[in-house]
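Participant: One structure follows; several queries about it will come next.
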Amino acid sequence: MKFIFRSSLIFLFFGILFLVWEGFKFISVPVSLDKDKSVPNQVFEVFPHESFYHVLERLQQNGFISGPLALKWIGRITGTETKIKTGEYALHGKMTPYQILQTLSSGKSIEHSLTFTEGMNLYEMAQAIEGSGLGSEKDFIKIAHNQTLIKNLLGEKLDSLEGYLFPETYKFTKYTPMEKIVRVMVENFLSNYNSLIKGTPPPPSRHNIVILASLIEKETGAPSERALISSVFHNRIRLGMRLQSDPTIIYGKMVETGRTINNITREDLRQKNSYNTYAINGLPKGPISNPGRDSLLAALKPETSQWLYFVSKNNGTHTFSSTLEQHLQAVNKYQLDPRARSGKSWRDLKQKK
């Protein structure tokens, strides 16, 4: 009787040892070590509200584990079952099942780079976000007009966050909330703006500086010209002259029609709206783009000059004039003479850079 009992204990002991060993191998040995199985590197996505067991089933279908049931119990014992987080994760065939569980519960989802260039308006940014698969164009525009959020971020009442969505390269995950994306961009603006005014008396109106910077950003792509363009606008404001900036007409028409235009007509110059600086005095109603750091600096610190006019030389740069007569001569030379425009492009500026 004792012999049978002792034998049973020995059998049970080795049985448990075998199960422990098999369990250890199951969670610590990659499936790809099996010569008959080759698991390619891939992006594995955990969807919102997806059950732990369903995630394990898909891991098996993709070849990362040999069976979901054992791993389900391991997940339950270790607490991993409740820690799996929504996101996109980079998995490879040499990962052990345990490493896979750790990765999916880390929350370190794959980040996607998204670049917003200086001078993009919020509608163009919204299109870029949707095009990258990081969210809905409609949602971005809606949040950028959310009055509660605007007041919370900027401390003032504005129509939208146009002008305050700082252009830069960001990294977001597929499941980054849209409000967080907007917050990060505005906080980046505030960081840059505050560093520019540090140690100097703040301007009477931050919003006017942002509006002016948005005009400067759209008028020139030449870094050396920004402070000069700014001086023209400051001089015209001081003398009570209208700014007569073509990009303000384009933006005003976009706001009215809901579609982007590239060309303007004489009739457009006469259409009075809150953005058309040919028809209204002073600055437009709000920013017409999202300016970068250099344009903000130019708006804050314009160059001292006598210039009141500028006209494109068709290569990304401008010629400046202090009288209307000089300006009209420059228009005839650079805009009305077909030879001055032939073969020229603002892209020439990028080639020079």
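Participant: Could you list, in sequence order, the residues of region 204-243 that are buried (at least 16 other Cβ atoms within 10 Å of the Cβ) and outside any helix (DSSP H, G or I)?
Facilitator: Within region 204-243, Thr220, Gly221, Ala222, Leu243 meet the criteria.
Participant: From the list Lys301, Lys272, Lys218, which residue is modelled with pLDDT under 90 and not assigned by TED's automatic domain parsing to the domain that holds Leu161?
Facilitator: The unique qualifying residue is Lys272.
Participant: Just to be sure I understand, how many residues within region 131-162 are on the phi > 0 side of the Ramachandran plot and buried (at least 19 other Cβ atoms within 10 Å of the Cβ)?
Facilitator: Looking only at that region, the number is 1.
Participant: If you go through region 279-321 one residue at a time, how many are in a loop (DSSP other than H, G, I, E, B) and in contact (Cβ under 8 Å) with a residue 40 or more places away in the chain?
Facilitator: Summing the residues that are in a loop (DSSP other than H, G, I, E, B) and in contact (Cβ under 8 Å) with a residue 40 or more places away in the chain in region 279-321 gives 22.
Participant: Restricting to region 142-158, give me the number of residues that are hydrophobic (A, V, I, L, M, F, W, C) and within 22 Å of Leu215 (Cβ to Cβ).
Facilitator: 4
Participant: A further question on this structure: How many of the residues making up region 84-113 are under 13 Å from Glu45 (Cβ atoms) and either of a type in the set (S, T, N, Q) or part of a loop (DSSP other than H, G, I, E, B) (or both)?
Facilitator: Final tally of qualifying residues: 6.
Participant: Of everything in region 168-203 that's among the hydroxyl-bearing types (Ser, Thr, Tyr) and assigned to a helix (DSSP H, G or I), which residue is nearest to Ser113 (Cα to Cα)?
Facilitator: Of everything passing the filter in region 168-203, Ser191 is nearest to Ser113 (Cα to Cα).
Participant: Looking at Ser136, is it within 30 Å of Tyr251 (Cβ to Cβ) and not charged (D, E, K, R)?
Facilitator: Here the answer is yes, as Ser136 does meet what is asked.
Yes/no matrix, rows are residues, columns are (1) touching a residue at least 60 places away in the same chain (Cβ under 8 Å); (2) of a type in the set (Val, Ile, Thr):
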site	(1), (2)
Lys157	no, no
Lys171	yes, no
Tyr193	yes, no
Lys198	no, no
Arg206	no, no
Pro223	yes, no
Met241	yes, no
Ile250	no, yes
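The values are calculated or read from the model by the stated rules, or taken from the named source; none is laboratory data. Predicted model, so just to flag it, every value in this text is computed and none were measured. Neighbour counts are summed over all protein chains in view; Cβ atoms, including those assigned to glycine, are modelled from backbone coordinates with ideal geometry.
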